[in-house]
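Trainee: Can you read through this structure? Questions will come right after.
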Amino acid sequence: MVSRVLCKGACLLVLFSGGVLAREIIDMTGRTVNIPDHIERVFGSAPPLNVLLQSVAPERMIGLSFKIAEPARKYYSTHLQSLPVIGGAFGFGKSMNPETVLALKPDLALAWQPPTLDRSKTEEAFERIGIPVAFLTLDTLADWPGALRFTGKLLGHEADAEAKAQYIEEAVAKLRTRVGQMPEDRRPRVYYAEGADGLASDCHRSLHTEAIELAGGYNVYRCEPKDHKGLERIGIEQILAFDPEIVIVQDRSALSAIRRDPRWQGVRAVKTNRVHAVPRWPHNWLDRPPSFMRALGAQWLANLFYPERYPFDVKRETRDFYHLFFGVTLSDAEIDDLLNH
């Protein structure tokens, strides 16, 4: 027997099937999904969803998409550190095995729907094992307040999620007001150095480089991304031709490579010592995975690009951000270590 009743915010679908109560929701892509009334076990099927759940409802997580790096462990609860690494539908790290996910008995799976990917394969994988899946939109930083509110309401953490959503909205508004309207010819020329040698990058229209544009920088690699993965190889001759004033290094291991490699010494940013590595624990402030960390990382960049126009007390802001999003209180020494390793 199926009975529908009206309720505030969404229509509740009551299913009597072995006495299981369920509800009907609309996910962020407009799909109708029938989910259990009480959700205790959630699987985030992509790295950004791991970051989201770690912040909103870590106690509901049943597995991780990627292994926790040793320097990041302090930011994870004992429960999270004990979870198995079961991969994800896509993204860096290993691919999930649907049967492994099923064995962990999730009530619900969350999935990310990048604009360049067909969601049908993800839908089919979870349909095959009988797990409901809700898709979230997480492509830009402006998507994250909605994703936080959606997840917070879904899992009963509305007030906490709302505070985080408001922080991001305020950060984006501040960036747009102070540096967002800078004309192109007045923006610093920025090269985003990825990979162990710094010879990979992403287009200025890629979700992986959004923080550079938000911070008022001019990403010298002007193009449309080929796919959501990015990491397009760039020759050193091209970087010299780009003539970047600033190099932002995504992977700190590339920082020493850039400083040692004689080919890089002709790059203006290297000659003027304007090469900066992105803080990365427990998650990179800009990218890989793209997450709400961009709200902090874009402000850090804006201060690098425009120190007078965008004053930024990095220690205070970092301490406040980590307390809000991860529930940890960092000492000055811990912040120094975070910024320099």
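Trainee: Only one of GLU184, GLU213 is over 18 Å from the mean Cα position of the chain (by Cα) and either of a type in the set (D, E, K, R) or more than 23 Å from TRP264 (Cβ to Cβ) (or both). Can you tell me which?
Mentor: Of the residues listed, the single one that is over 18 Å from the mean Cα position of the chain (by Cα) and either of a type in the set (D, E, K, R) or more than 23 Å from TRP264 (Cβ to Cβ) (or both) is GLU184.
Trainee: Also: Can you go through GLY130, GLY146, GLY152, GLY180 and tell me which one is of a type outside the set (Phe, Trp, Tyr) and on the phi > 0 side of the Ramachandran plot?
Mentor: GLY130
Trainee: How about segment 291-341: which of its residues are buried (at least 17 other Cβ atoms within 10 Å of the Cβ) and hydroxyl-bearing (Ser, Thr, Tyr)?
Mentor: Selection gives SER291, TYR306, TYR310, THR318, TYR322.
Trainee: Continuing with the same structure: Suppose the filter is out of contact with any Lys or Arg (no Cβ under 8 Å at 6 or more places or on another chain) and in contact (Cβ under 8 Å) with a residue 12 or more places away in the chain; does ALA57 pass it?
Mentor: For ALA57, the condition - out of contact with any Lys or Arg (no Cβ under 8 Å at 6 or more places or on another chain) and in contact (Cβ under 8 Å) with a residue 12 or more places away in the chain - is met.
Trainee: Going residue by residue through segment 99-121, is there one that turns out to be free of Cβ contacts under 8 Å to residues at least 60 places away in the same chain, open to solvent by less than 20 Å² (accessible area, probe 1.4 Å) and out of contact with any Phe, Trp or Tyr (no Cβ under 7 Å at 6 or more places or on another chain)?
Mentor: No, segment 99-121 has no match at all.
Trainee: Just checking, how many residues over segment 185-205 are within 18 Å of LEU175 (Cβ to Cβ) and buried (at least 24 other Cβ atoms within 10 Å of the Cβ)?
Mentor: The total comes to 2.
Trainee: Quick check on my filter: what residues within segment 264-279 are in contact with a helix residue (DSSP H, G or I) (Cβ under 8 Å, 6 or more places away or on another chain) and surrounded by 20 or more Cβ atoms within 10 Å (Cβ to Cβ)?
Mentor: If the condition is that a residue be in contact with a helix residue (DSSP H, G or I) (Cβ under 8 Å, 6 or more places away or on another chain) and surrounded by 20 or more Cβ atoms within 10 Å (Cβ to Cβ), then TRP264, VAL267, VAL275, ALA277, VAL278, PRO279 are the ones that fit.
Trainee: Report, by residue number, each residue of segment 36-54 that is under 16 Å from the mean Cα position of the chain (by Cα) and either open to solvent by 10 Å² or more (accessible area, probe 1.4 Å) or without any contact (Cβ under 8 Å) to a residue 60 or more places away in the chain (or both).
Mentor: The one that is under 16 Å from the mean Cα position of the chain (by Cα) and either open to solvent by 10 Å² or more (accessible area, probe 1.4 Å) or without any contact (Cβ under 8 Å) to a residue 60 or more places away in the chain (or both): GLN54.
Trainee: Let me ask something additional. Are any of the residues in segment 135-155 hydroxyl-bearing (Ser, Thr, Tyr), surrounded by fewer than 21 Cβ atoms within 10 Å (Cβ to Cβ), assigned to a loop (DSSP other than H, G, I, E, B) and out of contact with any strand residue (DSSP E or B) (no Cβ under 7 Å at 6 or more places or on another chain)?
Mentor: Within segment 135-155 (the criterion being hydroxyl-bearing (Ser, Thr, Tyr), surrounded by fewer than 21 Cβ atoms within 10 Å (Cβ to Cβ), assigned to a loop (DSSP other than H, G, I, E, B) and out of contact with any strand residue (DSSP E or B) (no Cβ under 7 Å at 6 or more places or on another chain)), the answer is yes, since at least one residue qualifies.
Trainee: Moving on. Considering ALA171, ALA165, which residue is under 25 Å from ASP287 (Cα atoms), of a type in the set (Gly, Ala, Ser) and in contact (Cβ under 8 Å) with a residue 24 or more places away in the chain?
Mentor: So the residue among ALA171, ALA165 that is under 25 Å from ASP287 (Cα atoms), of a type in the set (Gly, Ala, Ser) and in contact (Cβ under 8 Å) with a residue 24 or more places away in the chain is ALA171.
The values are calculated or read from the model by the stated rules, or taken from the named source; none is laboratory data. Keep in mind it's a predicted model, so treat the numbers as computed, not measured. With ideal geometry, Cβ positions are generated from the backbone for all residues, glycine too; neighbour counts draw on all protein chains shown. With ligands, DNA and RNA removed, areas are computed over all heavy atoms of the protein, side chains included. Shrake-Rupley method; radii C 1.70, N 1.55, O 1.52, S 1.80 Å.
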